[in-house]
Amino acid sequence: QDNPRVLLDGAHNPEKVASLARNLEHLYPHQRKLIIFGALESKSHASMLASLSPLAGLVIATMPRVLAKPATDAAEIAAEVIGDVEVIIEPSPERAIEIALARAEPDDLVVVTGSLYLVGNIRERWYPSEAILSQSNCWPRTTPLGLWDPPLLAKET
């Protein structure tokens, strides 16, 4: 999605998040960054947030939804954000992306990171699992508005 651009990044350990942070600084030096961050309990979320916090104009702390693997509580993530950064606690990934999009300006960058599961949860907004499975494609065809609408897509073919 553009305006604002949404970047789904699967970085889920301190080294990869540090690399992401360096690349964000290099590739998007002037954009305000709204970061949606969630991690599993088994991950070093504090050190990941240490890399991301200095870049963030807003952090939305959330919780990846996955079976049989506990996520770090969103409030615990929020407590690890460093510096004078606005933080919103929203346990639901689906609600977190809606908040970010509502708060973002057209030139901002929304970054989703911290967990591959979180990226998958939020990717559902544009590419539902139903579409991925029915089309056997990780990036299924959608309507011109980027929506999954089987009846409308059937009319196009």
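Throughout, read-outs are computed from the coordinates displayed, never taken from laboratory work. A quick note: this is a predicted structure, and the numbers were derived from the prediction, not measured.
Cut-off 10 angstrom, C-alpha nodes, Gaussian network model of the chain. Which of Asp84, Asp73, Asp108 fluctuates the most?
Asp84
Would you look at the GNM of the chain, springs on alpha carbons closer than 10 Å, and say which of Val59, Val87, Val110 moves the most?
Val87
Just Leu27, Leu101, Leu52 to compare: in a GNM of the chain, with alpha carbon springs under 10 Å, which one fluctuates most?
Comparing Leu27, Leu101, Leu52 in a Gaussian network model of the chain, the most mobile one is Leu27.
Please compute the length gained on full extension between Asn3 and Leu133, using 0.36 nm multiplied by the number of residues separating them and subtracting their Cα-Cα distance.
Working: separation 130, 0.36 × 130 = 46.80 nm, distance 2.81 nm.
Stretched fully, the Asn3-Leu133 segment lengthens by 44.0 nm.
Viscosity 0.890 mPa s, temperature 25 °C: what is the translational diffusion coefficient of region 1-139 from Stokes-Einstein with a Kirkwood Rh over Cα pairs, rounded to a whole number of µm²/s?
165
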